[in-house]
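*Asks:* Dumping the structure here so I can ask a few things about it.
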Amino acid sequence: MNEIQEKLKLLPDEPGVYVMLNQAGHVIYVGKARVLKNRVRQYFHSTQKSEKVAAMVANIADFYYIITKSEIDALSLENTLIKKYKPKYNILLKDDKTYPYIKVSVSEKYPSFTMTRRLKKGDKYFGPYMGGIRVRDVLEILNTAFGVRTCSTSIGEKPKKPCLNYHIHRCLAPCAHLISEEDYDKRVKAAIQFLEGEYGEVEKLLKKKMEQYAQAEEFELALDCRNKLEILSKVALKRITALNRDINADIVAYVSNNLYSAVNILITRRGIMQGARTFALENMDSDADALSTFLAQYYSNHQIPDELILQDFGESALIEAFFKTAYSKQVNVICPKQGVKKQLLSMAENNAKDYLDKSIEKIRHKEDMTINACNRLQEILSLSRYPRRMECYDISNISGVDKVGSMVVFIDGEADKSSYRRFKIKTVEGANDFASLQEVLLRRLSKLNTDEQERFPKPDLIIIDGGKGQLSSVNAIFQQMGIADIDLISLAKREEEIFTLHSDSPVVLEKRDYSLQMLQRIRDEAHRFAITFFRNIHSKRSLTSVLTEIPGVGKIKRKALIDAFGSIDRIMKADVQEIASVEGIGDALAQSIKKYFEEEL
C-alpha cells in the first residue's frame, strides 16, 4: 500500500484512463477521468464508499494509468479496455437479447429484404423489431404488397429458375430476369417508404387484393391479406402521435439506489415506439460516469439513433463528441424540461425504477450464483487463486467417428460465449476420450506464452467433464508441459463428484450448493457445445455420403444441395420445386432426388 501512496502523489492533472490490478496482476477495474489525479485519489482517500467500491479497493494491489488527449479519447479507450480485459468490477453488458432488424441490401443490383441481428456499413437497416412485432410478418407484407425478394440468392448474368414465391405471387423473380432493374427499383423504394412508416398505400393495396381474392373465391389468399392488415394495424398503433415522424431517438433513463442501478431504453424510429430494454448495473462510479460508460458499451453493438434523450448529468457535450469521434455520427443529446420528449423520459424513468425495485433480489441471487459461487469454490476446493476465468472441456463422438472437443469459458461465473472454441480431433484413432482430451488440452495450452495468448488468455481453473481417469490424463499433459499455476478439477456426472489433484477422495457437495450448480452449468454447456458441433459435422458427412448414391448428383451438385439444405431431414421435407430451385439441379433431377429419399430413407 505504501507503493500505491507514492504513485498517487505522481498522478497528473490530465484526462486519461486508470487500470486497477489485483495481487495476481489481473485487471479488476478500468475507469476514465477528466483529471486523473483527482479521480484516482478518491478511491484511496475518500472515507465514505459503497460496499462494492470498498470490496474493489480492498483487492487493489497496484494500478497504472494512460494519459489521453481529451476526456472523449478516455471514454473511447475505457470502452476498448473493458472489452479486452472484462474486468470483474466493471459494467459488462450481457446482451442476450439481440433484437432483429430488416436489412435492405442497397449495395446490390436487385436489393433483398432479409432479417439480420448484425449491423454493417453499406446497407439500410430498419428496426429493431420488438414488443410483439415479428420480422417474418413484416417481410411477408413486403412480399405480398411489393413482390420484392426476401432471399439471399445471388443474382448473376445467367437467369435462374423461379422459386415457389414467384408462383404464389410473393416475388417477381429478379433472379430469373423476369422484371427490369428499373421496375424493381421502384418497388424497392416503395417498400422502403413503408418501412419508414408510410402505411397508407400498403393498407389500400392489401384491402384491394383481399377483395379481388374473395371475388375469385381464393379464400385462403383473401384470409392471408386480412391477417396482414391486422398485423399492419398493430404496427400503426405504436406510433406516438405527438412525435415528429422524422425522429429516430432513443430515450435513456438511469436510476440508482446507491448500491445497484438500472437503465431503461425506449426505442423510437420514425416516430414509432419499437419497444424497450432494461439493464441492471452495479454502482462503482458516479451516475454520470456510469451512464457514459454504459452508452459507450451499448452502442458498440446497436444502431445509433439521431437523437439521445437523457437526464441532465452534465455529460451531454462529452457524449455528442464521443459519437462524432468514435462513429463519425452526429447525435443530438437532448435533456428535455417539458413536452412529449420529457413525458417519454419520465416513462423511461418509471420503467427503470420499477425494474430496480422488483429486481434487487434477482440481482443478489445472480451474485450468489456467480461471483460468490466462485469465491466459495476457491475455499472448498483449496484452489490456489480465485477462479475468475474457468475453462471446461468435453469430447463428443459415436464409436470414434467424427470426434470433436469443446472448450467453453466462464468469467466470474458467467458464460463468455465469444471465447468458446471447438476442436476437431486429428491424431486419435477410435473412441479414446482420454487421448482426445490430451490432444485438445495440448493444443490449447501450447498457446500460452505465445503471440496467441491475447486471444487465449491463461485460465485460472480448468474443468474436465469426467471422473478420475479423465483428470489423470489431462494432468499428464500439465506435467509434460510443466504447468503448475493453473488449477485442475473434474466433475463426474453420475454422482456429481468433484475430483481434485489434492486428494484421492472426491468432494461431494449438496445439490443446492451454488458452487456445485455453477460447475454443473459449465459442464452442461461444454457438453451442449460439443454435441452440437458433432451433430453438424456428422450430419454434413452423412448427407454427403448419401448424396453420392444418387445418380446424376456429382461433386458440384452435392455441394450446392448441402449449401442449400444442410441436412437430410431438410431435403426430405422439401418439395420438388424447392429442390429444383437449387442451382444446377433442374426439374428432372429434383424429381429423382425426391423419389430417392421417399423410397430409400
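*Asks:* Using the Cα atoms as the points, what is the convex hull volume per residue of region 275-381 in Å³?
*Replies:* 139
*Asks:* Once amide H atoms are built 1.01 Å from N in the peptide plane, which residues 5 or more positions from residue 28, or in another chain, come under 5 Å H to H?
*Replies:* Residues meeting the criterion, in which the H sits 1.01 Å from N, are 20, 21, 22.
*Asks:* Let me have the relative contact order for the chain, percent, based on Cα pairs under 8 Å that are six or more residues apart.
*Replies:* Reported relative contact order: 8 percent.
*Asks:* Cross-link candidates for residue 555: which aspartates and glutamates have Cα within less than 17 Å, leaving aside residues fewer than 8 places away along the same chain?
*Replies:* 563, 583
*Asks:* Still on this structure, please answer the following. Using only helices, what value at 222 nm comes out for the chain when you add -39,500 (n - 2.57) per DSSP H run of length 4 or more and divide by the total residues, to the nearest 500 deg cm²/dmol?
*Replies:* Numbers: 20 runs with 270 residues, N = 601.
Roughly -14500 deg cm²/dmol at 222 nm, from the helical runs in the chain.
*Asks:* In square angstrom, what is the accessible area per residue of the chain with a 1.4 angstrom probe?
*Replies:* Values: 30390 Å² over 601 residues.
On a per-residue basis, the chain sits at 51 Å².
*Asks:* Same structure, new question: Largest first and in whole Å, give the semi-axes of region 155-261's equivalent ellipsoid, each being the square root of 5 times a Cα gyration tensor eigenvalue.
*Replies:* One finds semi-axes of 37, 22, 15 Å for region 155-261.
*Asks:* Okay, next question. Please list, or write none, the lysines whose alpha carbon is within less than 17 Å of the alpha carbon of residue 189, excluding same-chain residues fewer than 8 places away.
*Replies:* Once the sequence-local lysines are set aside, what remains near residue 189 is 103, 109, 124.
*Asks:* Still on this structure, please answer the following. What are the ³J(HN,Hα) couplings of region 40-45, residue after residue, when phi is run through the Karplus curve with 6.51, -1.76, 1.60 and θ = phi - 60°? Round to Hz, x for glycine and proline.
*Replies:* Going residue by residue, I get 5, 4, 4, 5, 9, 10 Hz, with x marking Gly and Pro.
*Asks:* Per-residue HN-Hα couplings for region 474-491, Karplus 6.51 cos²θ - 1.76 cosθ + 1.60 at θ = phi - 60°, whole Hz, x for Gly and Pro?
*Replies:* Each residue of region 474-491 in turn: 6, 4, 4, 5, 4, 5, 4, 9, x, 8, 10, 10, 10, 6, 9, 9, 9, 10 Hz.
*Asks:* Rounded to the nearest whole Å³, what is the per residue volume of the convex hull around the Cα atoms of region 365-476? Display every interim value, and only then the final one.
*Replies:* Working: hull volume 13.9 nm³, N = 112.
Each residue corresponds to 124 Å³ of Cα convex hull volume.
*Asks:* Another question about this same structure. Given that compact globular proteins tend to follow 2.2 N^0.38 Å, what is the ratio of the alpha-carbon Rg of the chain to that value?
*Replies:* This ratio for the chain stands at 1.15.
*Asks:* When the scattering of region 94-177 is computed by the Debye formula from its Cα atoms alone, each counted once and equally, what is log10 I(q)/I(0) at q = 0.16, 0.17, 0.19 Å⁻¹?
*Replies:* -0.66, -0.73, -0.87
*Asks:* Considering all projection directions equally, how large on average is the shadow of the alpha-carbon convex hull of region 270-335, in square nanometres?
*Replies:* Answer in nm², one decimal: 5.0.
*Asks:* Consider all pairwise Cα distances in region 292-442 and report the whole-number % of them above 19 Å.
*Replies:* Distances greater than 19 Å cover 73 percent of the Cα pairs.
*Asks:* Counting only protein heavy atoms and a 1.4 Å probe, tell me what percentage of the chain's accessible area is made up of carbon and sulfur. Kindly include the intermediate steps, with their values, before the conclusion.
*Replies:* Working: 14500 of 30390 Å².
Of the solvent-accessible surface of the chain, carbon and sulfur hold 48 percent.
*Asks:* In whole angstrom, how far apart do the alpha carbon centroids of region 300-371 and region 14-59 sit?
*Replies:* For region 300-371 versus region 14-59, the Cα centre distance is 24 Å.
*Asks:* Of 86/417; 161/557; 69/121; 186/234; 37/324, which sit over 19 Å apart, Cα to Cα?
*Replies:* In this structure, 69/121; 186/234; 37/324 lie more than 19 Å apart at Cα.
*Asks:* Among the listed pairs 362/447; 158/573; 9/84, which have their C-alpha atoms separated by more than 31 angstrom in this model?
*Replies:* Check vs 31 Å cut-off fails for 362/447.
*Asks:* Around residue 497, which amide H atoms from residues at least 5 apart in sequence, or from another chain, sit under 5 Å from its own amide H, with H modelled in the peptide plane?
*Replies:* Answer set, sorted by chain and number: 492.
*Asks:* How large is ³J(HN,Hα), in whole Hz, for each residue of region 441-458 in order, when computed from phi with the Karplus curve 6.51 cos²θ - 1.76 cosθ + 1.60 and θ = phi - 60°, using x for Gly and Pro?
*Replies:* Each residue's phi maps through the Karplus curve to give 5, 5, 5, 5, 6, 5, 7, 5, 6, 10, 5, 8, 5, 5, 7, 10, x, 5 Hz.
*Asks:* Sort out for me the Cα centre separation of region 61-91 from region 446-478, rounded to whole Å.
*Replies:* First find each Cα centre; the distance between them is then 29 Å.
The values are calculated or read from the model by the stated rules, or taken from the named source; none is laboratory data. Computed from a prediction, not measured in an experiment: that's the story for all the values here. In case anyone asks, the SASA skips ligands and DNA or RNA and just uses the protein heavy atoms, side chains included. Shrake-Rupley method; radii C 1.70, N 1.55, O 1.52, S 1.80 Å.
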